[in-house]
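Chemist: Handing you this structure, nothing more for now.
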Amino acid sequence: MNLKSIIPVVPNWPKPGVNFLDITPILENPDAFAYCTEQIVKHIHSVNATSIVAVESRGFPFAAAVAHVSGLPMLLARKPNKLPGAVYQQSYDTEYSTDTIEIKQTAQVGLRPIVIDDLLATGGTILAVAELLRKNLTVDQVTAAVVINLKFLPGHAVLDKNSIRLFSLEDYV
């Protein structure tokens, strides 16, 4: 399936000079959404993933569908003050600002979690989640899956440098 044909580019959003790739048409198209889910599920079986870590917020729908189909537990990586109880935190730089990501201290990720998000740009968010998992929980390998990889930005190189395997459905060069 050619996902690029249904992903519009929104110029100058959320700020001037940024071309935003809008994944909402994938969510509105049951065939495209099913395709994304199936492809990511195939990949997670190939790496023997033990859990799904969903990145707020656009990673949530993809991760939920993958968790349901694969039968793996889904854990949430959220912005501050969104999860009740004790959390682990990791701050990081994004394409636009500095942010913090949290995961519950009771999270059972297993040895091979896969972090799912909609898009990889600079790699900051996925790297922060991986560092949070490695620092606070016992993991062997962190893998990432995204719908869109912006290969003209350094995200894929950042993940590779930090031993995070990447699976992407569409690469933009």
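The values are calculated or read from the model by the stated rules, or taken from the named source; none is laboratory data. Remember, predicted model here, so these are calculated numbers, not experimental data. As a convention, Cβ positions derive from the backbone with ideal geometry for all residues, glycine included, and neighbour counts pool all protein chains shown.
Chemist: Scan the stretch 1-24 residue by residue and report those that are outside any loop (DSSP other than H, G, I, E, B) and either over 17 Å from Asp171 (Cα atoms) or of a type outside the set (Phe, Trp, Tyr) (or both).
Modeler: Hits for the stretch 1-24 are Leu3, Lys4, Ser5, Ile6, Val9, Val10, Pro11, Asn19, Leu21, Thr24.
Chemist: Keeping to the stretch 126-157, report how many residues are outside any loop (DSSP other than H, G, I, E, B), β-branched (Val, Ile, Thr) and out of contact with any strand residue (DSSP E or B) (no Cβ under 9 Å at 6 or more places or on another chain). Lay out the reasoning, then the answer.
Modeler: Step one: filter the stretch 126-157 for residues outside any loop (DSSP other than H, G, I, E, B), giving 126-136, 143-150, 155-157.
Subsequent filtering for residues that are β-branched (Val, Ile, Thr) retains 126, 129, 143, 146-148.
From what is left, the residues that are out of contact with any strand residue (DSSP E or B) (no Cβ under 9 Å at 6 or more places or on another chain) are none.
Matching residues across the stretch 126-157 total 0.
Chemist: Take the conditions surrounded by 21 or more Cβ atoms within 10 Å (Cβ to Cβ), modelled with pLDDT of 95 or more, touching a Leu at 6+ places or on another chain (Cβ under 7 Å) and part of a strand (DSSP E or B) and apply them to Ala54. Does it pass?
Modeler: Details: surrounded by 21 or more Cβ atoms within 10 Å (Cβ to Cβ): yes; modelled with pLDDT of 95 or more: yes; touching a Leu at 6+ places or on another chain (Cβ under 7 Å): yes; part of a strand (DSSP E or B): yes.
In short, yes.
Chemist: What's the total number of residues in the stretch 96-116 that are more than 16 Å from Ile44 (Cβ to Cβ), of a type outside the set (A, V, I, L, M) and either in a loop (DSSP other than H, G, I, E, B) or in contact with a His (Cβ under 6 Å, 6 or more places away or on another chain) (or both)? Give the steps one after another, and end with the answer.
Modeler: Within the stretch 96-116, the subset more than 16 Å from Ile44 (Cβ to Cβ) is 96-108.
Now drop any that are not of a type outside the set (A, V, I, L, M), which leaves 96-100, 102, 104-106, 108.
Remaining after also requiring either in a loop (DSSP other than H, G, I, E, B) or in contact with a His (Cβ under 6 Å, 6 or more places away or on another chain) (or both): 96-97, 105-106, 108.
Residues flagged as more than 16 Å from Ile44 (Cβ to Cβ), of a type outside the set (A, V, I, L, M) and either in a loop (DSSP other than H, G, I, E, B) or in contact with a His (Cβ under 6 Å, 6 or more places away or on another chain) (or both) within the stretch 96-116 amount to 5.
Chemist: Another one. Out of the stretch 64-120, which residues are more than 25 Å from Ala34 (Cβ to Cβ), of a type in the set (A, V, I, L, M, F, W, C) and touching a residue at least 24 places away in the same chain (Cβ under 8 Å)?
Modeler: From the stretch 64-120, those more than 25 Å from Ala34 (Cβ to Cβ) are 78-111; that's our starting set.
Remaining after also requiring of a type in the set (A, V, I, L, M, F, W, C): 83, 86-87, 101, 103, 107, 109, 111.
Selection gives Ile101, Ile103, Ala107, Val109, Leu111.
Chemist: Kindly list the number of the only condition in (1) within 14 Å of the chain's Cα centre (by Cα); (2) modelled with pLDDT of 95 or more that fails for Thr94.
Modeler: Failed condition: (2).
Chemist: Take the residues in the stretch 122-165 that are within 18 Å of Gln90 (Cα to Cα) and among the charged types (D, E, K, R), then tell me which one is surrounded by the fewest Cβ atoms within 10 Å (Cβ to Cβ).
Modeler: Filtering the stretch 122-165 for residues that are within 18 Å of Gln90 (Cα to Cα) and among the charged types (D, E, K, R), the one surrounded by the fewest Cβ atoms within 10 Å (Cβ to Cβ) comes out as Lys135.
Chemist: I would also like to ask the following. Give the residue that is nearest to Asp118 (Cα to Cα), with candidates limited to residues of the stretch 57-83 that are in a loop (DSSP other than H, G, I, E, B) and not charged (D, E, K, R).
Modeler: Per the stated criteria, the residue is Gly59.
Chemist: Now for a different question. Kindly establish whether Thr100 is of a type in the set (Val, Ile, Thr), surrounded by fewer than 17 Cβ atoms within 10 Å (Cβ to Cβ), modelled with pLDDT of 95 or more and touching a strand residue (DSSP E or B) at 6+ places or on another chain (Cβ under 7 Å). Lay out the reasoning, then the answer.
Modeler: On the way: of a type in the set (Val, Ile, Thr): yes; surrounded by fewer than 17 Cβ atoms within 10 Å (Cβ to Cβ): yes; modelled with pLDDT of 95 or more: yes; touching a strand residue (DSSP E or B) at 6+ places or on another chain (Cβ under 7 Å): yes.
Spelling it out, Thr100 is indeed of a type in the set (Val, Ile, Thr), surrounded by fewer than 17 Cβ atoms within 10 Å (Cβ to Cβ), modelled with pLDDT of 95 or more and touching a strand residue (DSSP E or B) at 6+ places or on another chain (Cβ under 7 Å).
Chemist: Considering the stretch 90-103 alone, what residues qualify as being over 17 Å from Val142 (Cα atoms) and of a type outside the set (Ser, Thr, Tyr)? Don't jump to the end; show me each part of the working.
Modeler: Initial filter on the stretch 90-103 (over 17 Å from Val142 (Cα atoms)): 91-100.
Listed by number, the residues that qualify are Asp93, Glu95, Asp99.
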